[in-house]
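All remarks here apply to the structure that follows.
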Amino acid sequence: MKNQVFRFLLFFPLLLFASPFALAENVTLEQVRLLALANSRSLARHNLAITSSILDGRALVHSNFPSFSLGASAGLSLWSPSNAAPVENPMDTFSAGASVSVSQRIFEGGRNSIQRAINNLATESARIDAMTEFFNVLDAAESAYYAVLEAAATLEAEESALENARSRLSIAEIRHAGGMITTGEYLRALAEMETRENSRNQARRALALAMTRLRSLTGLNQIHTLEPVDFSRYEKLILHLGNISDENADSLYNRFRVLIAAGNPTLARAALASRRSEMNVSLANRGFAPNIGASFSTGLNYTPDRGLELSGGRVSLSANIPVDFWVINNNIQRSMIARDSASLDFLSAEIQLDTELQSALLNLFGYAGSVLSARRSLEYTERHFEYVSERFRLLQSSISDHGEAALLLINNRNIYIRASYGFLQSLSRLRLLEAVDDEERLINILLGNI
C-alpha cells in the first residue's frame, strides 16, 4: 500500500502538465485515465493536504529547537521631566541597547513526541486519502469511457432496428396499396417505425449525455472517436467466471478478502484513525506532566558617558505544573470515547468492504453468465430474424410476425450490450476494492494463475 502511495505522489505532478487538447482525435482508455487524473481538482486538493500535513510535522520538530530572539532599542530626551524645559543637547541623553536571548524546552512530559507520531499518522492518512481518490477518479473515468461505448453500441443497434422498420414500412405501403394486407397491419408498421425512431432518438440523447460526462472528466473540448474495447482479451475470463463452481467462487472470495485487507485504502484509513485515537488518549494522559524550560539572555548598552558595555547575562529556569485535574480527566474521557468510536468505525469498514466484495464478485459472475447466455440468445435471434425476413419477402409471414422478430432481435442486442459492458464495470469495481492499478494482474488472479 505504501509503495502505491509513494508511486502516485511521484507521478501526480507529471500529470498536472499533461495537455488534454492534443488527444481529442482518437482517445484510448489509458489516455482517458491519465487525463481524468490530471483534470481532477479533488485529487489536487488531496495533494495539497499531504504537503500541509508534512509542514505541520516539520513545525512540531522545529518546536524542539532552541528559540532565539534579538532586541534593540534607542532613545534620547527632548525635555527635562522636572521643569519641562527643552534639553540643550538631546544627543547627550542618547542611549541604545541590544539584547539576545535563547530559550529551550527541557521537559514537557513526552507530549511533543506523541504529537509528532500523531502527525505522522495524519500524513499517512492524507496519502491514503489521496490514493483512495486516485482510484475513485480511475473508476469514474473507466465508467464514463464504457458508458460512451455502450451508448454508441446501443445507438448502432437502434439505427439498425430503425432501418429494418423503415424497410418493413416500405413493403407494407406497397402491399397495402395492392390490397394484400389490412389497414390495421399497415398502421402497425407505421407505429413500429415511429417507436423505433423514438428509441433511436433516446439512444442519441444517451450518447450525448455520456459524452458530456466524459469530456467533463477529461477536460477535453471535443472527442471524435474512442478506441473500442477488445472483448477477445476477456473471453477466457468470461468463460471461466460464467461457469464457475461454488467451490472456486468461495476460494476466490477468500483470496480477495486477504488482498483487500492488505491493500484497500478505506480499511487502511480506518486502521490509521484507530491508531491515532489511541495516541490521543496517551496525549491526554500526559496533561498531568509539568512543563520545564530554561532561558538565557544578555546584551549590549551604549550611553555617551559610559560608552559601550555588556549588560551581563541572566539564566532562568521555569516550571509549569497543571493543577486543574478535572479538566485533564475530562479530556481523557473524551479521548477514550473517540478511541472507542474509531474502533467501531474500523469494524464497520471491515463489514462494509466484505459486503462490497461479495456484491462485486456476484455481479461479476452474474454478468459473465449473462454475456454467455445473451450471446447464444442473440445468435438464435439473428437466425430467427433472417428466417422470418425471408418468409416475409416471400409473402409467407405477416408484418406482425416480422415486427415481433425485429423487436426480439433489438431487445436481445441491447441485453448483450448491457451484459458486456456491465461485466467491464464490475471488473473495474473489483479492481477499485483491491486498489490495484493493473487489470492484467486482476484477470490472472480471477483465473487462478496468481
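A compact table of results
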{"quantity": "Matching residues in segment 167-186 - criterion: being surrounded by 15 or more Cβ atoms within 10 Å (Cβ to Cβ) and of a type outside the set (Ser, Thr, Tyr)", "calculated": "Arg168, Leu169, Ile171, Ala172, Arg175, His176, Ile181, Glu185"}
{"quantity": "Candidate set from segment 396-423 (those that are in a helix (DSSP H, G or I) and small (Gly, Ala, Ser)); member that is farthest from the chain's Cα centre (by Cα)", "calculated": "Ser400"}
{"quantity": "Checking Glu309 against (1) in contact with a helix residue (DSSP H, G or I) (Cβ under 7 Å, 6 or more places away or on another chain); (2) charged (D, E, K, R); (3) free of Cβ contacts under 8 Å to residues at least 12 places away in the same chain, the condition it does not meet", "calculated": "(1)"}
{"quantity": "Condition check for Val388: aliphatic (A, V, I, L, M), in contact with a Ser or Thr (Cβ under 8 Å, 6 or more places away or on another chain) and free of Cβ contacts under 8 Å to residues at least 24 places away in the same chain", "calculated": "yes"}
{"quantity": "Options Asn164, Asn112: the member that is in a helix (DSSP H, G or I) and surrounded by fewer than 20 Cβ atoms within 10 Å (Cβ to Cβ)", "calculated": "Asn112"}
{"quantity": "Residue among Gly293, Gly307, Gly287, Gly313 that alone is touching a Pro at 6+ places or on another chain (Cβ under 7 Å) and either among the acidic types (Asp, Glu) or over 29 Å from Asp129 (Cα atoms) (or both)", "calculated": "Gly287"}
{"quantity": "Residue ranges of helices (runs of 4 or more DSSP H) in segment 1-105 with at least 1 members in contact with a Phe, Trp or Tyr (Cβ under 9 Å, 6 or more places away or on another chain), on the phi < 0 side of the Ramachandran plot and at pLDDT 75 or above", "calculated": "29-39, 41-62"}
{"quantity": "Residue identified as in a helix (DSSP H, G or I), under 21 Å from Phe423 (Cβ atoms) and touching a residue at least 40 places away in the same chain (Cβ under 8 Å) among Glu150, Glu159, Glu133", "calculated": "Glu150"}
{"quantity": "Single residue of segment 310-351 satisfying the filter (in a helix (DSSP H, G or I) and touching a Leu at 6+ places or on another chain (Cβ under 7 Å)) that is nearest to Ala262 (Cα to Cα)", "calculated": "Glu350"}
{"quantity": "Residue in segment 358-373 that is on the phi < 0 side of the Ramachandran plot and not in a helix (DSSP H, G or I) present", "calculated": "no"}
{"quantity": "Test: residue in segment 289-309 that is in a helix (DSSP H, G or I) and among the charged types (D, E, K, R)", "calculated": "no"}
{"quantity": "Subset tally (residues that are in contact with a strand residue (DSSP E or B) (Cβ under 6 Å, 6 or more places away or on another chain) and loosely packed, with under 12 Cβ neighbours inside 10 Å) for segment 225-248", "calculated": "1"}
{"quantity": "Any chance Ile292 is under 30 Å from Gly71 (Cβ atoms) and touching a residue at least 40 places away in the same chain (Cβ under 8 Å)", "calculated": "yes"}
{"quantity": "Leading residue by the ranking (nearest to the chain's Cα centre (by Cα)) among those in segment 220-250 that are polar (S, T, N, Q) and part of a loop (DSSP other than H, G, I, E, B)", "calculated": "Asn221"}
{"quantity": "Sole residue being charged (D, E, K, R), buried (at least 18 other Cβ atoms within 10 Å of the Cβ) and within 32 Å of the chain's Cα centre (by Cα), chosen from Arg334, Arg276", "calculated": "Arg276"}
{"quantity": "Filter pass, Glu142 being in a helix (DSSP H, G or I) and closer than 30 Å to Gly57 by Cβ", "calculated": "no"}
{"quantity": "Selection within segment 394-404 - in contact (Cβ under 8 Å) with a residue 24 or more places away in the chain and not polar (S, T, N, Q)", "calculated": "Leu395, Ile399, His402, Gly403"}
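Quick grid of which residues meet (1) surrounded by fewer than 17 Cβ atoms within 10 Å (Cβ to Cβ); (2) at pLDDT 95 or above:
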| residue | (1), (2) |
| --- | --- |
| Ser373 | yes, yes |
| Glu386 | yes, no |
| Leu395 | yes, no |
| Ala405 | no, no |
| Tyr416 | no, yes |
| Leu430 | no, no |
| Ala435 | no, no |
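For every residue, the table says whether it meets (1) closer than 28 Å to Asn112 by Cα; (2) surrounded by fewer than 18 Cβ atoms within 10 Å (Cβ to Cβ); (3) more than 37 Å from the chain's Cα centre (by Cα); (4) not basic (Lys, Arg).
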| residue | (1), (2), (3), (4) |
| --- | --- |
| Ala261 | no, yes, no, yes |
| Ser297 | yes, yes, yes, yes |
| Thr303 | no, yes, yes, yes |
| Leu310 | no, yes, yes, yes |
| Val315 | yes, yes, yes, yes |
| Pro322 | yes, yes, yes, yes |
| Trp326 | yes, yes, yes, yes |
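The values are calculated or read from the model by the stated rules, or taken from the named source; none is laboratory data. This one's a predicted model, so the numbers in the text were calculated from it and none came from an experiment. For neighbour counting, all protein chains shown are included, and Cβ atoms are generated from backbone atoms with ideal geometry for every residue, glycine included.
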